[in-house]
1. Here's a check for you: in the stretch 178-206, which residue that is among the acidic types (Asp, Glu) and surrounded by 12 or more Cβ atoms within 10 Å (Cβ to Cβ) is modelled with the highest pLDDT?
2. Examine the stretch 144-165 for a residue that is in contact with a strand residue (DSSP E or B) (Cβ under 8 Å, 6 or more places away or on another chain), in a loop (DSSP other than H, G, I, E, B) and in contact (Cβ under 8 Å) with a residue 60 or more places away in the chain, and state whether such a residue exists.
3. Considering Phe138, Phe161, which residue is hydrophobic (A, V, I, L, M, F, W, C), over 17 Å from the mean Cα position of the chain (by Cα) and crowded, with 18+ Cβ neighbours inside 10 Å?
4. I need a count of the residues in the stretch 166-207 that are touching an Asp or Glu at 6+ places or on another chain (Cβ under 7 Å), assigned to a strand (DSSP E or B) and touching a residue at least 40 places away in the same chain (Cβ under 8 Å).
5. Counting only residues that are surrounded by fewer than 18 Cβ atoms within 10 Å (Cβ to Cβ) and in contact (Cβ under 8 Å) with a residue 12 or more places away in the chain, which one in the stretch 72-88 is nearest to Gly25 (Cα to Cα)?
6. Which number in (1) within 21 Å of Lys183 (Cβ to Cβ); (2) at pLDDT below 95; (3) part of a helix (DSSP H, G or I) marks the one condition that Phe109 misses?
7. Taking Glu95 as the residue in question, decide whether it is of a type in the set (D, E, K, R) and not in a helix (DSSP H, G or I).
Amino acid sequence: MLGHGKPIVTVSSSPSINSERRRFGIAHELGHLEMHRGHALLLSCTREDIQDKPDGSTIEIEKEANDYASAFLMPARFVGKPFTDNAPSFDLIAEWASILQTSLTATAFRFVALTSEPVAVVYSHDGIIRYFQGSAEFRELGVFPDVRNRMGTDTDASRIFRGLTTKNQWHETRASAWFRENKAAFDDSDVVKEWSISMPSYAAVLSLLWVEEPLGEDSTW
């Protein structure tokens, strides 16, 4: 709650909310206190408002509070160097998620915000690509995961949704299995590196896509 008197922050103690999610919620409310002080607002942030993914809310002040929470829990002075000096991997992301007590999803999105590699993190649910966030270098490539559609059947993400066993590591897959058709940006023969992990509690898959090699016949770096 933000008002003219003493601010009060409350966070649900429901056992269905894990500790990482609860910490993100607390940091989100601290973001409101820091950035929206004096607005005389009474806020009741919903689960939809407090999101550890980019653009998780349609309300601007909630987006700002989410960004604050991400930077507060995973400050660049701690993770900036390891995220830029090391090759992308879920092993690296999981290590820092454990160190900082943050969710794997939130840490993955923080990773792509800081890495210097062309990497995107993609969240899929029930076999459908729901949203993604790419690093600055990834965005420059002009490729976009095919949101609201299914990924290709030869991807590890698709195999996970079909109940098949996959290895917890990088493997190459066709760029067209993930990206919307864009002949100016990539060819049918182009490949990207994919690392997908299951999130069974959410019926979801979290994927890293790494464009390690140039895309398109005329691509340059």
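1. Glu194
2. no
3. So the residue among Phe138, Phe161 that is hydrophobic (A, V, I, L, M, F, W, C), over 17 Å from the mean Cα position of the chain (by Cα) and crowded, with 18+ Cβ neighbours inside 10 Å is Phe161.
4. Total satisfying the criteria: 2.
5. Checked the stretch 72-88; the qualifying residue nearest to Gly25 (Cα to Cα) is Phe72.
6. (1)
7. In short, no.
The values are calculated or read from the model by the stated rules, or taken from the named source; none is laboratory data. These numbers were taken from a predicted model, which means no experiment stands behind them. All Cβ positions, glycine included, derive from the backbone under ideal geometry; neighbour counts span all protein chains shown.
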